[in-house]
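Colleague: Dropping a structure here in structure tokens format, bear with me for questions.
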Amino acid sequence: MILHGFGPLLWAGAKETLALAVLSLAVSVALGLFGASAKLSRHVALRGIATAYTTLIRSVPDLVFYSIQIAINNVTDAFGWNQFDIDPFTAGVLTLGFIYGAYFTETFRGAFLAVPRGQLEAGSAYGMSGLRVFGRILFPQMMRFVLPGIGNNWQVLVKATALVSIIGLTDVVKAAQDAGKSTFNIFLFIMIAALIYLAITTASNIVLMALEKRYSIGVRHAEL
């Protein structure tokens with residue numbers, strides 16, 4: 001058999017990768033919306049914190065943030081405290097969400113700015129609450145501008161899940177490496193892992209294209 005009995009391990013790794021990516025996306029979107037709102041806020045302190053966050057995250061290599069567990073262990077050893085271990089899956093979700101929240105912040109900020117401010121002011125003048133202005137006016141138009149950026153960030157995030165293998169999480173890459181080492185056929189299993197990532201991103205593209213079509217209803221596209 002081509003998979004040498006490692007099919008269940010690869011399948012479990014694929015599910016772990018997908019769960020990690022989806023939950024990280026949720027954290028990233030939440031941080032992105034909050035960060036974009038903060039950067040567009042009238043409060044100088046909020047703008048400063050959000051700017052510092054996006055600047056730091058986008059300037060430091062991702063691998064640095066995966067050494068947090070090592071830093072925690074060094075602190076506990078220095079003070080003689082009991083070691084505090086972070087669950088690898090939780091650590092992966094929070095780390096990826098924290099990192100890509102910075103990229104989503106800029107994505108959402110650009111989308112917010114693309115919606116004409118006059119329409120938001122008109123909604124407020126009409127008597128709509130801030131929540132209703134967001135749901136009825138800002139959100140539908142913002143989605144048309146933000147979806148390409150979300151799609152790009154999502155695909156990069158999916159590939160970045162491969163880094164969690166260094167903190168002990170058995171994702172599809174770790175599963176492929178273990179299977180490859182056991183069978184002395186590392187290339188075969190790495191290629192299978194690559195095909196799994198390709199399948200995830202291809203399915204994601206189909207969903208994103210459908211969403212872009214949905215939120216582009218009523219928009220006239222320029223004819224070539």
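We did not get these values from a lab; they are worked out from the coordinates using the rules stated. Just so it is clear, the model here is predicted, and its values are computed rather than measured. Ideal geometry is used to build each Cβ from the backbone, glycine not excepted, and the neighbour counts take in all protein chains shown.
Colleague: With the cut-off at 1.5 for a/c, could you classify the stretch 35-158 from its C-alpha gyration tensor as rounded, prolate or oblate? Don't skip to the end; give the middle numbers.
Modeller: Values: a/c = 2.88, a/b = 2.26, b/c = 1.27.
Prolate, because a/c is 1.5 or more and a/b exceeds b/c.
Colleague: By counting other Cβ atoms within 10 Å of each Cβ, how are H43, H4 ranked from fewest to most?
Modeller: Sorted ascending by nearby Cβ count, the order is H43, H4.
Colleague: So which residue, out of G168, G118, G151, gets the largest mean-square fluctuation from a GNM of the chain using Cα contacts under 10 Å as springs?
Modeller: Result: G118 has the largest fluctuation of those listed.
Colleague: Pick from L96, L188, L157: which is most flexible by mean-square fluctuation in a GNM of the chain where alpha carbon atoms under 10 Å apart are linked?
Modeller: Highest fluctuation among the options: L188.
Colleague: Go ahead and set up a Gaussian network model of the chain, Cα springs under 10 Å, then flag whichever of N205, N185, N82 fluctuates most.
Modeller: Most flexible of the set in this elastic network: N82.
Colleague: Can you give me the angle between helix 7-39 and the longest principal axis of the chain, using Cα atoms only, in degrees from 0 to 90, rounded to the nearest 10?
Modeller: Taking the Cα atoms of the chain, the angle to 7-39 is about 30 degrees.
Colleague: Taking the Cα atoms of the stretch 7-215, report the difference between the largest and smallest coordinate on each principal axis, in whole Å and largest first.
Modeller: 68, 49, 25
Colleague: Also, quick follow-up: If one takes the longest principal axis of the Cα atoms in the chain, at what angle in degrees, from 0 to 90 and to the nearest 10, does the Cα axis of helix 172-183 lie?
Modeller: Helix 172-183 sits at roughly 20 degrees to that axis.
Colleague: So what's the angle, to the nearest 10 degrees on a 0 to 90 scale, between helix 68-79 and the longest Cα principal axis of the chain?
Modeller: The helix 68-79 is inclined about 70 degrees to the chain.
Colleague: When Lys and Arg each count +1 and Asp and Glu each count -1, what net charge do the other residues less than 13 Å away from F89, Cβ to Cβ, add up to?
Modeller: Cβ neighbours under 13 Å give a net charge of -2.
Colleague: Return a whole-number percent for the relative contact order of the stretch 7-215, with Cα pairs under 8 Å and 6 or more residues apart as the contact set.
Modeller: Working: 210 pairs, mean separation 62.4, N = 209.
In percent, rounded to a whole number, it is 30.
Colleague: Something else: Return the Rg/Rh ratio of the stretch 1-103 with Cα-based radii and a Kirkwood Rh.
Modeller: Checking Rg against Rh, the ratio lands at 1.12.
Colleague: Within the set of other residues whose C-beta is less than 15 Å from the C-beta of N153, count the net charge using Lys and Arg as +1 and Asp and Glu as -1.
Modeller: Working: positive: R58, R109, K159; negative: D62, E106, E212.
Value of the local net charge: 0.
Colleague: Taking the Cβ of each residue in F104, F139 as the centre, tally the other Cβ atoms inside 10 Å and list the residues starting with the fewest.
Modeller: The most exposed by this proxy come first: F139, F104.
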